[in-house]
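**Q** Here you go, one structure.
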Amino acid sequence: MTKKIYCYLLLSFLLILDCMSQNAGLITKAPDFFLDCHECDFTFVRQELPFVSFVRDPQLADVHILVTDTDTGGGGNKFFFNFIGMKELKGINYEYSVTTKQSDTDDDVRRTLLKILKIGILPYYSRTSFIENLNVDIEEKERRTANEIVTDKWKNWVFRIDAGGEFQKEKSQNEFSVTTGFRVQKITDKWKTRLDGIYETNRENYYDEGELITNRQDTKEFNANYIKSLTEKWSAGIFGNYLSRNYLNIRNSFGFSTGVEYNFFPWSECNRRVFAIRYLPGLNFSNYYEETIYDKKQETYFSEALSLKLELIQQWGEADISLTGMHHFGDFSKNRLIFESDVSVRVTKNLSVFCEFQAQAVHDQIYLPKGDASLEDILLRRRKLETTYEINGRAGLRFTFGSIYNNVVNERF
């Protein structure tokens, strides 16, 4: 009997030591979270998670929640959640993803995102003494994929049709426009097929002392892409396009090209980083409304394009930069170089800078009509003018200060 008592006391002592050692590794304070999510309804999140401490500055957070998204073949969105531990939680990272449907309402989407946020923050609370204050309910579901559960009669094909118009009228002028378009696409892990087209017509009528001046702009465009995923980094595609636009003096233009693409990072990481190089050789045929500055009413030519594209979504900010060069075979003087960038960088904990910039070196305006543009053409932008470059951009600063905690919700007025 005495031996049983000793054994019981020894076991109890060991259990107490084990509990003490476990509690010694716990963080005593509740973690602070920084939610980096453009698509999240932050007010709704704070209302549903009032016990979670969200800070406005990532430098002051214990966990940085970075959320990115991309379009899916079904017309919805796939969201990627990256929970990144910082300070005492550094190195403790988790990744989740969730897909929403095109038919989901805004409330459906925000509740889906909220569910993943709840799942993601729980492991961090489990490393603090605050875990004792939480109640967790888990419902088990069958472990099946969506393809196993749903019978898709459309076989992943998605169709969309758009139509709309507008008009404006007053005594000395009137304007109306009509736009129609469609998109058909099928996206799987191995194949990506997309067809889209658009028709736009715009009329502007001006009356000057009884004289009618009309500006008519018509655009017809069709694109077809067929892309195959070859490996984790290689892709190949076939591309076709058609364009008719009187602003560019193009009556009909047909293009056909093939291309290969290599991403230096696996495509499974495309929600965080992409660094891809693309090469596209092609054949083009065009005929024109008016004879061009090269004395042609129609022409056929070969071309090729090479581009580099860098996309980064990191804790410090976002960057989307591309450089594309293209030229005509047989006449390298007809070329175009395009640089595009969209960068947002956090400079300090309170200051960030953003910059959007595009620059083109233009030497391939083979469609320009002969003759000088009239004053009406220039003022009404009825035709494209000759240029050797195009530049546009914008930049700015963002500065925030004040309380680092933003947990209170007040929707009065």
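Read-outs throughout are calculated quantities, based only on the coordinates presented, and are distinct from any laboratory measurement. The structure displayed is predicted, hence computed values, not measured ones. For neighbour counting, all protein chains shown are included, and Cβ atoms are generated from backbone atoms with ideal geometry for every residue, glycine included.
**Q** Quickly run through the stretch 53-63 and pick out the residues that are buried (at least 20 other Cβ atoms within 10 Å of the Cβ) and touching a helix residue (DSSP H, G or I) at 6+ places or on another chain (Cβ under 7 Å).
**A** ASP62, VAL63
**Q** Restricting attention to the stretch 324-351, which residues are assigned to a strand (DSSP E or B) and either among the aromatic types (Phe, Trp, Tyr) or loosely packed, with under 15 Cβ neighbours inside 10 Å (or both)?
**A** ASP331, PHE332, SER333, PHE339, VAL345, LEU351
**Q** While we're here: For a quick check of your reading of the model, give me the residue pairs whose first member lies in the stretch 289-302 and is on the phi < 0 side of the Ramachandran plot and assigned to a strand (DSSP E or B), whose second is among the small types (Gly, Ala, Ser) and surrounded by fewer than 13 Cβ atoms within 10 Å (Cβ to Cβ), with beta-carbon atoms closer than 9 Å and at least 6 apart or on different chains.
**A** If the second residue must be among the small types (Gly, Ala, Ser) and surrounded by fewer than 13 Cβ atoms within 10 Å (Cβ to Cβ), the pairs left are TYR301/GLY330; PHE302/GLY330.
**Q** Still on this structure, I have one more. Need the failing condition index for GLY259 against (1) exposed (fewer than 14 other Cβ atoms within 10 Å of the Cβ); (2) on the phi < 0 side of the Ramachandran plot, just the number.
**A** Against the list (1) exposed (fewer than 14 other Cβ atoms within 10 Å of the Cβ); (2) on the phi < 0 side of the Ramachandran plot, GLY259 comes up short only on (1).
**Q** Continuing with the same structure: Could we say that ILE84 is touching a residue at least 60 places away in the same chain (Cβ under 8 Å) and aliphatic (A, V, I, L, M) here? Write out each step before concluding.
**A** Working: touching a residue at least 60 places away in the same chain (Cβ under 8 Å): yes; aliphatic (A, V, I, L, M): yes.
So ILE84 fits the description; yes.
**Q** Is it true that LEU212 is over 29 Å from GLN298 (Cα atoms) and out of contact with any Phe, Trp or Tyr (no Cβ under 9 Å at 6 or more places or on another chain)?
**A** Judged against the criteria, LEU212 is not a match.
**Q** Return the residue satisfying two criteria in turn: it lies in the stretch 295-321 and is under 14 Å from the mean Cα position of the chain (by Cα) and among the β-branched types (Val, Ile, Thr), and of such residues it is nearest to VAL67 (Cα to Cα).
**A** Step by step, filter the stretch 295-321, then rank; the result is ILE313.
**Q** Filter the stretch 291-316 for residues that are of a type in the set (Asp, Glu) and surrounded by 15 or more Cβ atoms within 10 Å (Cβ to Cβ) and give the result.
**A** Residues satisfying the conditions are GLU299, GLU304, GLU311.
**Q** Moving to a separate point now. Among the residues of the stretch 195-215, is any closer than 30 Å to SER97 by Cβ, in contact with a Leu (Cβ under 6 Å, 6 or more places away or on another chain) and either surrounded by fewer than 16 Cβ atoms within 10 Å (Cβ to Cβ) or without any contact (Cβ under 8 Å) to a residue 40 or more places away in the chain (or both)?
**A** No, because not a single residue in the stretch 195-215 is closer than 30 Å to SER97 by Cβ, in contact with a Leu (Cβ under 6 Å, 6 or more places away or on another chain) and either surrounded by fewer than 16 Cβ atoms within 10 Å (Cβ to Cβ) or without any contact (Cβ under 8 Å) to a residue 40 or more places away in the chain (or both).
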